[in-house]
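Each value in this text was obtained by applying a stated rule to the coordinates, not by laboratory testing. Keep in mind the model is a prediction, meaning the values are calculated, not measured. Every residue, glycine as well, gets a Cβ built from its backbone with ideal geometry; the counts of neighbours run over all protein chains shown.
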Amino acid sequence: MVDKEIIFLVEESPEGGYEARALGHAIFTEAENFEALKEQVRDAVQCHFDEDERPAVIRLHMVREEVISA
């Protein structure tokens, strides 16, 4: 069965740029900026799945952690 979408958890990298990790699949990629990350994610999905198994939608879920004083 082909999944209709794949979800990536996207976080800002401590070294700068962004990191993306697929939920439920062994796919990880990173890039210097968000536009480049989108291209890297598309490329990673195309490389990971055969064409007939590839999800139709890639969802990027941004996670941002911020610490504030109490």
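Of the conditions (1) of a type outside the set (A, V, I, L, M); (2) in contact with a strand residue (DSSP E or B) (Cβ under 6 Å, 6 or more places away or on another chain); (3) free of Cβ contacts under 8 Å to residues at least 12 places away in the same chain, S13 fails just one. Which one is it?
The one condition S13 does not meet is (3).
Across segment 12-29, what is the total count of residues that are among the acidic types (D, E) and surrounded by fewer than 17 Cβ atoms within 10 Å (Cβ to Cβ)? Please lay out each step first, then the result.
As a first pass, look at segment 12-29 and keep what is among the acidic types (D, E): 12, 15, 19.
With the extra rule that they be surrounded by fewer than 17 Cβ atoms within 10 Å (Cβ to Cβ), the set shrinks to 12, 15.
Going through segment 12-29 one residue at a time, the tally reaches 2.
Name every residue in segment 16-41 that is touching an Asp or Glu at 6+ places or on another chain (Cβ under 9 Å), part of a loop (DSSP other than H, G, I, E, B) and either farther than 14 Å from I58 by Cβ or of a type in the set (A, V, I, L, M, F, W, C) (or both), in order of residue number.
Answer for segment 16-41, where residues must be touching an Asp or Glu at 6+ places or on another chain (Cβ under 9 Å), part of a loop (DSSP other than H, G, I, E, B) and either farther than 14 Å from I58 by Cβ or of a type in the set (A, V, I, L, M, F, W, C) (or both): G16, G17.
Within segment 32-70, can you find the residues that are over 13 Å from E12 (Cα atoms), of a type in the set (S, T, N, Q) and within 13 Å of the chain's Cα centre (by Cα)?
Q40, Q46
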